Amino acid sequence: MVSKTEETQLNRLENQVDNGGGGAWEYLCLVRKLKVRRSEKVLKHGLSILNDPKKRSALGPEEWTLYEQVAIAAMDCQCLDVAKDCIKVLQKKFPESKRVGRLNGMLLEAKGSWAEAEKAYSSLLEDNSLDQIIHKRRIAMAKAQGNISEAIELLNKYLEIFMADHEAWREQAELYVSLQMYKQAAFCYEELILSQPTVPLYHLAYADVLYTLGGLENLQTAKKYYASTIDLTGGKNTRALFGICLCISAIAQVSKGRNKEDKESPELQSLAATALEKDYKQRAANKLGLLTCSLRSLKN
Amino acid sequence: MVAELKYEISQNAYIKLVLHALKHKTTAVNGVLLGRVNPQNESVVEIIDSVPLFHYNLALLPPLEIALIMIEEHYGSKGLGIVGYFHANERFGDAELGIVAKNIGDHICRYFPQAAVFLLDNKKLAALPKGKDQSPVLQLYIRDASKNWKLAGPDGGSRLVIKEPAANVVLSDYISSEKWQDVVDFDDHLDDIKMDWLNPELFK
């Protein structure tokens, strides 16, 4: 998960390096730290360092980290020869390494040799059954072959062991959503909110899933979680503000003729609408008219 | 005998959607197509523009509902409506129309019964720079009488045409110049409302 500040910083660096302003190593380190997927850039700028003996030796022991980073980026861009070369260098330097073994497994994956990759990973797991990265590779393989249900099953087994892996819970939720299994996705977000209650992203995602599930109870809970998102983000989350308006409109539809009066809603709705209009007026004035009409049509 | 509906897509609408898919190579993306029935020829649906929608969690309702409301509001005042849905699968080798695409397609059909679904043809797109194919890198899906989405048959090539014949040449150019970086979708807008999902400067 990357914050807006971190993303801005990364993009600025990326622009700088792209335009010949230097800072390639800084950029590559930041990509590694933030765990983002910018494989084309990593490949380009990583190779420019690796192919220059002076720059390479200036890295000292970090040279090997870069070989690994470039190997993975190369595989992502289907430049398998580059990947193979990098892995060969690492193999020479670290002949018994499990980490290099993993890279070889990934290379098999990149080639589409699923059975061989599975064999490689199984044998690596024999020596260390708790290797998180290899477990995740198997899940990635299932996904890559389009076998989402198997990916979900493997991921569930993984989560039984590594239940504190928040990114894994998020991945699971997203897999469930892609199969429209919203109840199960909701459960994943519940786990995340329990363990990290102040992360607004989870509240927002949970609300989105509940709204999608529908039904009066879910809509009312969704409204609460859009509200908590707004709370946690100091009122700045556009999606949550829209979410409130959507919920109130949907709740009104569902409760028609049910004699259930929602006293707080008209206030909440106008608060959210006002916040949105203020923001659009400031930053997206050309869409303000559109926003106002849209919010009005939601009210009816 | 009822004449089969033809879909004519404008170059800009077409290119915008393909570029959007290329901007987000590692996820599924979707978009909507705006247009109308040709006032002079009822058997032709003119697709005049497109709006790229999402590249993340496509199967969640709230962002989709907001997007459709705003898009219909904007284009309605120009006499255009949503006439189709575009989807690009996450994986290169996946050429199937998935359930999310079908559901959104069904929803759009409620308001425009002749709506079609367009699935990005990854293999055709990959072959683009090498060939002189003028046909769009899209697969056309139409709903049959039992409301199932069916791939328009081998003669489907003639049911979907790009208005400007040199569109693929222009597209290939844009791909080489990495123009996809400039495409803004509704997800981008919701993350930062300064980003304009109408992409007014894209083709200037």
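The values are calculated or read from the model by the stated rules, or taken from the named source; none is laboratory data. A quick note: this is a predicted structure, and the numbers were derived from the prediction, not measured. Here the Cβ positions follow ideal geometry from the backbone for every residue, glycine too, while neighbour counts run over all protein chains shown.
Restricted to the range B:69-95, and to residues that are assigned to a loop (DSSP other than H, G, I, E, B) and over 16 Å from the mean Cα position of the chain (by Cα), which residue is farthest from the other protein chains (Cβ to nearest Cβ)?
Within the range B:69-95, the match that is farthest from the other protein chains (Cβ to nearest Cβ) is B:Gly79.
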Subset tally (residues that are within 13 Å of chain B (Cβ to nearest Cβ) and surrounded by 19 or more Cβ atoms within 10 Å (Cβ to Cβ)) for the range A:132-141: 1
Of all residues making up the range A:282-296, the number that are buried (at least 16 other Cβ atoms within 10 Å of the Cβ) and among the basic types (Lys, Arg): 1
Some residue of the range B:146-158 being out of contact with any His (no Cβ under 7 Å at 6 or more places or on another chain), exposed (fewer than 12 other Cβ atoms within 10 Å of the Cβ) and within 14 Å of chain A (Cβ to nearest Cβ): no
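Residues are listed down the side, and each one gets a yes or a no for (1) under 22 Å from B:Leu64 (Cβ atoms); (2) assigned to a helix (DSSP H, G or I); (3) not charged (D, E, K, R):
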| residue | (1), (2), (3) |
| --- | --- |
| A:Leu194 | no, yes, yes |
| A:Tyr202 | yes, yes, yes |
| A:Val209 | yes, yes, yes |
| A:Leu219 | yes, yes, yes |
| A:Leu241 | yes, yes, yes |
| A:Cys247 | yes, yes, yes |
| A:Ile251 | yes, yes, yes |
| A:Lys256 | no, no, no |
Tally, over the range B:83-132, of residues that are exposed (fewer than 15 other Cβ atoms within 10 Å of the Cβ) and hydroxyl-bearing (Ser, Thr, Tyr): 1
Checklist (1) away from chain A (no Cβ under 14 Å); (2) more than 27 Å from B:Lys6 (Cα to Cα); (3) at pLDDT 95 or above applied to B:Lys204, failing item: (3)
Search result, residues across the range B:30-68 that are more than 16 Å from B:Ile162 (Cα to Cα), without any contact (Cβ under 8 Å) to a residue 40 or more places away in the chain and more than 12 Å from every other protein chain (Cβ to nearest Cβ): B:Pro39, B:Gln40, B:Asn41, B:Glu42
Scan of the range A:146-179 for residues that are crowded, with 16+ Cβ neighbours inside 10 Å and part of a loop (DSSP other than H, G, I, E, B), ordered by number: A:Asp165, A:Leu179
Helices (runs of 4 or more DSSP H) fully within the range A:1-102 counting 1 or more residues that are of a type in the set (Phe, Trp, Tyr) and without any contact (Cβ under 8 Å) to a residue 40 or more places away in the chain: A:24-34, A:62-76
Selection count, the range A:208-232, where residues are closer than 16 Å to A:Val254 by Cβ and either within 11 Å of chain B (Cβ to nearest Cβ) or hydrophobic (A, V, I, L, M, F, W, C) (or both): 8
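A quick yes/no check of all residues on (1) within 14 Å of another protein chain (Cβ to nearest Cβ); (2) closer than 25 Å to B:Val100 by Cα; (3) over 16 Å from the mean Cα position of the chain (by Cα):
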residue: B:Phe112; (1), (2), (3): no, yes, no
residue: B:Ala116; (1), (2), (3): no, yes, no
residue: B:Asp121; (1), (2), (3): no, yes, no
residue: B:Gly131; (1), (2), (3): no, no, yes
residue: B:Pro136; (1), (2), (3): no, yes, no
residue: B:Pro165; (1), (2), (3): no, no, yes
residue: B:Val170; (1), (2), (3): no, no, yes
residue: B:Asp173; (1), (2), (3): no, no, yes
residue: B:His189; (1), (2), (3): yes, yes, yes
Options B:Leu53, B:Leu61; residue that is in contact with a Leu (Cβ under 9 Å, 6 or more places away or on another chain), under 30 Å from A:Ala142 (Cβ atoms) and crowded, with 19+ Cβ neighbours inside 10 Å: B:Leu53
